[in-house]
Amino acid sequence: MKILLVNDDGIDAYGIRTLLRGLCETHTVWMIAPDRERSAVSKAMTLTAPLRAVPRDIPGAKLAYAVDGTPVDCVRLGLGNLVPEQPDLVISGINHGPNLGTDTLYSGTCAAAQEAALSGVPAIAMSLDHREPAHFETAYRVTERIIDLCMRHPLPSGMFYNVNVPDVPLPELKEYKVTGLALVRYRKQYEYREDPLNRPYYWAPRGKLPCDPDDDSDHAWLKKGYVTITPMGYHSERLDTVGFSGGLL
């Protein structure tokens with residue numbers, strides 16, 4: 001199988017290198033990733049500046065490029081210019097930290113997978129549940145199973161599998177849950193600070209508000225130790241299917 005690896009943590013991140021080391025033994029693997037961390041950039045892409053793709057010699061990769069753009073840039077540039085043929089699968093990750101619930105709307109990891117899916121390539125977004133995760137081998141073993149799932153049960157065009165893995169040793173892993181997204185909210189107030197010249201600036205709030213209490217959501221199942229799998233994609237509904245009966249004008 002021909003696999004393109006991307007991420008939002010940067011080409012030198014441990015997660016993407018873990019995937020490469022394992023997958024290159026049995027697959028043709030290409031790697032095109034940002035030259036630095038580009039987390040939480042969602043589906044941003046570069047339109048008004050040049051993109052530079054620097055070749056990298058990385059053991060196990062048939063080709064590798066570090067791109068000075070976003071995760072979506074990496075997918076688009078890879079599929080359009082850099083890889084010699086269309087891959088059978090795009091894997092985004094392994095992300096250093098979870099991508100759960102409505103956080104997926106901000107995620108560069110999910111955006112890269114979504115961009116591949118919109119381009120007609122099956123895609124998986126893989127994340128490990130800790131900002132400084134330890135058990136990448138667990139996430140890799142889960143990835144092997146998700147690849148098989150993706151091939152046996154392909155999603156409709158434009159959809160991808162979003163997968164979150166508990167940061168635990170493999171023997172402690174529980175079952176797999178196909179589930180929906182939780183609603184996640186953040187504090188709105190930015191922290192006010194002043195620099196050494198007494199000029200004001202603001203620092204983004206990190207604390208989350210209490211999560212959606214839904215017990216059948218990706219957030220809830222992951223916290224119980226399950227691998228969560230959420231099929232995701234763009235959807236739009238006709239107004240009459242969501243109970244709208246009034247006129248627009």
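Details
- The one condition in (1) in a helix (DSSP H, G or I); (2) closer than 23 Å to THR138 by Cα that SER39 fails to fulfil: (1)
- Only listed residue being at pLDDT below 95 and in a helix (DSSP H, G or I), chosen from ASP73, ASP103: ASP103
- Strands (runs of 3 or more DSSP E) enclosed by the stretch 109-206 - at least 3 residues per element that are under 19 Å from PRO98 (Cα atoms): 123-128, 159-165, 176-178
- Scanning the stretch 213-229 for residues that are assigned to a strand (DSSP E or B) and either surrounded by fewer than 11 Cβ atoms within 10 Å (Cβ to Cβ) or at pLDDT 95 or above (or both) turns up VAL227, THR228, ILE229.
- SER107 passes every criterion in (1) under 26 Å from THR138 (Cβ atoms); (2) surrounded by fewer than 17 Cβ atoms within 10 Å (Cβ to Cβ) apart from (2).
To keep it simple, each residue is scored yes or no on (1) of a type in the set (D, E, K, R); (2) out of contact with any helix residue (DSSP H, G or I) (no Cβ under 7 Å at 6 or more places or on another chain); (3) at pLDDT 90 or above.
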| site | (1), (2), (3) |
| --- | --- |
| ASP167 | yes, yes, yes |
| LEU170 | no, no, yes |
| LYS174 | yes, yes, yes |
| ARG187 | yes, yes, no |
| GLU191 | yes, yes, yes |
| PRO196 | no, yes, yes |
| ARG199 | yes, yes, yes |
| PRO205 | no, yes, no |
| CYS211 | no, no, no |
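- Residue in the stretch 183-195 that is in contact with a His (Cβ under 6 Å, 6 or more places away or on another chain), touching a residue at least 60 places away in the same chain (Cβ under 8 Å) and either under 19 Å from SER127 (Cα atoms) or surrounded by 12 or more Cβ atoms within 10 Å (Cβ to Cβ) (or both) present: no
- Residue count for the stretch 1-19, restricted to those that are surrounded by 23 or more Cβ atoms within 10 Å (Cβ to Cβ) and either farther than 17 Å from VAL121 by Cβ or among the aromatic types (Phe, Trp, Tyr) (or both): 5
- For the stretch 78-101, the set of residues classified as surrounded by 19 or more Cβ atoms within 10 Å (Cβ to Cβ), out of contact with any strand residue (DSSP E or B) (no Cβ under 6 Å at 6 or more places or on another chain) and more than 30 Å from LYS177 (Cα to Cα) consists of LEU79 only.
- Cβ pairs under 7 Å, 6+ apart, first in the stretch 102-116 and within 20 Å of LEU183 (Cα to Cα), second of a type in the set (A, V, I, L, M, F, W, C) and part of a helix (DSSP H, G or I): THR104/CYS110; ALA111/VAL72
- On the stretch given as the stretch 22-54, residues that are surrounded by 15 or more Cβ atoms within 10 Å (Cβ to Cβ) and out of contact with any Phe, Trp or Tyr (no Cβ under 6 Å at 6 or more places or on another chain) total 19.
- Yes/no for GLY69 being touching a residue at least 12 places away in the same chain (Cβ under 8 Å), in contact with a strand residue (DSSP E or B) (Cβ under 9 Å, 6 or more places away or on another chain), surrounded by 24 or more Cβ atoms within 10 Å (Cβ to Cβ) and farther than 19 Å from VAL142 by Cβ: no
The values are calculated or read from the model by the stated rules, or taken from the named source; none is laboratory data. These figures come from a predicted structure and were not determined experimentally. As a convention, Cβ positions derive from the backbone with ideal geometry for all residues, glycine included, and neighbour counts pool all protein chains shown.
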